[in-house]
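In what follows, a single structure is set out as structure tokens and then discussed.
The values are calculated or read from the model by the stated rules, or taken from the named source; none is laboratory data. In this text, all values refer to a predicted model and were calculated from it rather than measured experimentally. Glycine gets a Cβ as well: all are built from the backbone with ideal geometry, and neighbour counts include every protein chain shown.
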Amino acid sequence: MTVGAERDERTAPAATVPEPLPMSSTSQPTDRTADGLIEVEFEITDPAYFFVGLSEAESCRVQLEEMIRLADGTLIEFFSGRECSRTAIREYADVATGIDSASVVHEGRNGVLFRVSVSGHCIVETIEGAGGIPESVAATDGAGRVTAQVPRDTDSTEVIGAVLETHPSANLVAHRQLDVSMPSFSPWGVRQILREGVTDRQWEVLRTAYRCGYFERPRAHTGEEVAEKLGISSATFSQHLRSALRNVLAAALEVETCDDA
């Protein structure tokens, strides 16, 4: 399993929203907050979650960088890993539950970026579905942390309850009041803005091309090589890439694009 794991209805304990936490004077869960945002943090140590299990098996750090739900329902997740090898990723994916495939997109001095096709519940989708805004998902040496912000007009207990019900092995470890009224421009938030008008497949093509060094001079990988990694033709790669670039620039520059011919 990966960022999300299938719930075992036979053994999963009933999930409840915790009583107020004695972490700070502002840590008590409330229905809504009139001033500022709520930040919630969950701990996951269950190796059934792919990013947790891999970090434990390889004594490394694994971080979720991006997730894409394709039109056919397939969930694609991009992870970065430090001190974990290409071979280790492939071998762990072969034995992990809920992993359809895993492949390394890029490998460099700062680690590896790998693409995972998964099945099962995703904790990020659970958070977003309840109205939360994911901030970070990462694990080091088998200890996973998932952090999210809850906007002022969202019930924080609903976000907490949704996570604990769908992911019963997760533990709520922090519930904080933030001194800001708007969600921070986390990588998640920025990407959501730039993805306006871009299909999931186009975004996957754009991200993979970037990570593979397609835009570098000289190119680290050709269009044909990136297309092969994605399992598509060169013509389809070029079409998706042009459309993605046009719409990302439109979102960044706040201009409208012409309809496709």
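Brief remarks on what is shown
- Of all residues making up the stretch 86-96, the number that are surrounded by fewer than 17 Cβ atoms within 10 Å (Cβ to Cβ) and out of contact with any Asp or Glu (no Cβ under 8 Å at 6 or more places or on another chain): 5
- The stretch 106-141, residues that are in contact (Cβ under 8 Å) with a residue 40 or more places away in the chain and more than 14 Å from Ile44 (Cβ to Cβ): His106, Leu113, Arg115, Val116, Ser117, Val118, Ser119, Glu125, Gly132, Ile133, Glu135
- The listed residue being outside the structural domain of Gln202 (by TED's automatic domain parsing) and either at pLDDT 90 or above or touching a strand residue (DSSP E or B) at 6+ places or on another chain (Cβ under 6 Å) (or both), out of Ser85, Ser80: Ser80
- Pairs linking a residue in the stretch 94-105 that is not assigned by TED's automatic domain parsing to the domain that holds Arg211 to a residue that is hydroxyl-bearing (Ser, Thr, Tyr) and part of a strand (DSSP E or B), with Cβ atoms under 6 Å and 6 or more positions apart or on different chains, are Asp100/Ser117; Ser101/Ser117.
- The stretch 66-80, residues that are more than 10 Å from the chain's Cα centre (by Cα), in contact (Cβ under 8 Å) with a residue 40 or more places away in the chain and buried (at least 19 other Cβ atoms within 10 Å of the Cβ): Leu75
- Criterion (touching a Ser or Thr at 6+ places or on another chain (Cβ under 8 Å) and part of a strand (DSSP E or B)) met by exactly one of Val62, Val52: Val62
- Residue list for the stretch 81-125, restricted to those being within 15 Å of the chain's Cα centre (by Cα), farther than 18 Å from Leu230 by Cα and assigned to a strand (DSSP E or B): Gly81
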